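The structure appears right after this line, and notes come after that.
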Amino acid sequence: MPGFGDDPRIWIVGLAPAAHGANRTGRMFTGDRSGDWLFASLNRVGLAALATSTSRDDGQSLRGVRITAAVHCAPPGNAPTTEERRECASWLGQELRIVEPVVRVMVALGGVAWSAVTGALRDAGWQVPRVRFGHGARAEATSSSGRPVTLLASYHPSQQNTFTGRLTEPMLDDVLRQAGDLASG
């Protein structure tokens, strides 16, 4: 599943395409409940044109954001194995090369995405401090050319997190608003 979005000053990395969402629609976080949460939040903080994303031709556009996943194919049982993560690491590395020239903020949605992003950065020669994943975690990474990039973490907007209240709309809005502020500042 390819990434979605141009002019990526903010790079959002999720877990994997959902079998009944992105895998069906052909666009990341599109057509599933996690995407409903993500796009509604992106819209509330001014980073997406629409509050929903239902299909590839719905008119949705992102403002300075690119969305991708740590694992680029829908994993069986919606939980990627260690082997699947390892196999997909090269795809994330390719996405990193796309965003590297302009990205200012990276947002990892979930612990798997946090590990994948920090691993991809280290593999590409970036200096990345060891910061434990948790909602609101923040780290300052430095590209191989010496350019600083901020890493932000959020719980993934999965039903397991949103139905239980582990992730609320204000919590997700806060992280994405921080990303927008940092990217434009």
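We did not get these values from a lab; they are worked out from the coordinates using the rules stated. The shown structure was predicted, so the numbers you read here are calculated from the model rather than taken from an experiment. Note: ideal-geometry Cβ built from the backbone for every residue, glycine included; neighbour counts use all protein chains shown.
If you take the square roots of the eigenvalues of the alpha-carbon gyration tensor of segment 106-185 and sort them as a ≥ b ≥ c, do you get rounded (a/c under 1.5), prolate (a/b over b/c) or oblate?
Values: a/c = 3.02, a/b = 1.62, b/c = 1.86.
Oblate shape, in that a/c is at least 1.5 and b/c is the bigger or equal ratio.
Report the FRET efficiency, 1/(1 + (r/R0)^6), for Thr168 and Asp7, where r is their Cβ-Cβ distance and R0 is 41 Å, rounded to 0.05.
Values: r = 29 Å, r/R0 = 0.71.
Computed FRET efficiency for Thr168 and Asp7: 0.90.
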(message) Based only on other Cβ atoms within 10 Å, what is the fewest-to-most ordering of Trp11, Trp37, Trp114?
(response) Trp37, Trp114, Trp11
(request) At most 12 other Cβ atoms within 10 Å and a DSSP loop assignment: could you name the trypsin sites (Lys or Arg not before Pro) in segment 86-185 that fit? (result) Arg130, Arg132
(message) For the ranges 56-64, 2-10, what's the packing order if you count other beta-carbon atoms within 10 Å of each residue, average per peptide, and put the highest first?
(response) 2-10, 56-64
(message) What are the ³J(HN,Hα) couplings of segment 145-151, residue after residue, when phi is run through the Karplus curve with 6.51, -1.76, 1.60 and θ = phi - 60°? Round to Hz, x for glycine and proline.
(response) 8, x, 7, x, 9, 8, 9
(message) For the pair Arg130/Arg33, report the inter-label distance in nm, with labels modelled 7 Å from Cα in the Cβ direction.
(response) 3.7 nm
(request) Compute the FRET efficiency between Arg97 and Glu140 as 1/(1 + (r/R0)^6), taking r as their Cβ-Cβ distance and R0 = 25 Å, and round to the nearest 0.05. (result) 0.75
(request) Would you mind ranking Val131, Val13 by Cβ crowding within 10 Å, fewest neighbours first? (result) Val131, Val13
